[in-house]
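The values are calculated or read from the model by the stated rules, or taken from the named source; none is laboratory data. A quick note: this is a predicted structure, and the numbers were derived from the prediction, not measured. Cβ placement follows ideal geometry from the backbone for every residue including glycine, while neighbour counts extend to all protein chains displayed. For the accessible areas, the whole protein counts, side chains as well, though only heavy atoms, and no ligand, DNA or RNA atoms are used. Shrake-Rupley method; radii C 1.70, N 1.55, O 1.52, S 1.80 Å.
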Amino acid sequence: MKNYRMKVYNRSGAPISTEVFARRMEDKDYKIVKQERLWNGLRVSTVWLGIDHGYGHGRPLIFETMVFPGKSFRDMDMMRYATEAEALAGHARMRRRWIWWPRPVWRALNAWRQR
């Protein structure tokens, strides 16, 4: 990553100045793409990062979806995306992946229903 210069982008993927980026980072509604709490207490959060987390390799990765347990900020899963549409699709995939975690609870519910 020799000579890499940090680049920042708006939610549409257009380059912006660091001054505009700083203002956008203060706007919670601009940063949050989608957040939800699942029945099992996990939180799925998709946000605009603005900074290219691909570090100049390929398309700029400026969105991120993470899964958190309860009130903790220790992540359990994470993916990054180049566009808001990809991020929303990724959020849905992450939700499907984690909605029935832990699986033993899901199996127990199914066994109970089959009685």
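Computed from point charges on the beta carbon alone (+1 for Lys and Arg, -1 for Asp and Glu), the dipole magnitude for the chain about its Cα centre is near 600 Debye. Comparing Arg59, Arg80, Arg11 in a Gaussian network model of the chain, where Cα atoms under 10 Å apart are tied by springs, the biggest mean-square fluctuation is seen for Arg59. The number of Lys pairs in the chain with C-alpha atoms less than 26 Å apart, excluding pairs fewer than 8 positions apart on the same chain, is 6. Calculated mean residue ellipticity, 222 nm, the chain: -9500 deg cm²/dmol, from DSSP H runs (n ≥ 4) at -39500 (n - 2.57) each, averaged per residue and rounded to 500.
From Cα pairs below 8 angstrom and at least 6 apart in sequence, can you work out the relative contact order of the chain, rounded to a whole percent? Dividing the mean separation by the residue count of the chain yields 21 percent. Accessible surface computed residue by residue for the chain, with neighbouring protein chains in place and a 1.4 Å probe, gives 69 Å² per residue. Note on Arg97/Glu26: beta-carbon distance plugged into 1/(1 + (r/R0)^6) with R0 of 35 Å gives a FRET efficiency of 0.65. Taking each residue as 0.36 nm, the span from Gln35 to Leu88 lengthens on full extension beyond its C-alpha to C-alpha distance by 18.0 nm. Each 10 Å bin from 0 upward holds the following percent of the Cα-Cα pairs of region 1-107: 15, 41, 30, 12, 3, 0. Taking every protein chain into account, the 1.4 Å probe leaves Thr83 with about 50 Å² of accessible area, to the nearest ten.
The label-point distance for Thr18 and Lys71, in a model that sets each label 7 Å from Cα toward Cβ, rounds to 3.7 nm. Can you tell which of Tyr81, Pro15, Trp98 lies farthest toward the positive end of the dipole of the chain, using +1 and -1 charges on the Cβ of basic and acidic side chains (Lys, Arg; Asp, Glu)? Most positive-ward Cα: Trp98. Here the spin labels are modelled as points 7 Å beyond Cα on the Cα-Cβ line, and at Arg59 and Met6 they lie 2.4 nm apart. A probe of 1.4 angstrom, applied to the heavy atoms of all protein chains, finds Leu88 with accessible area near 80 square angstrom.
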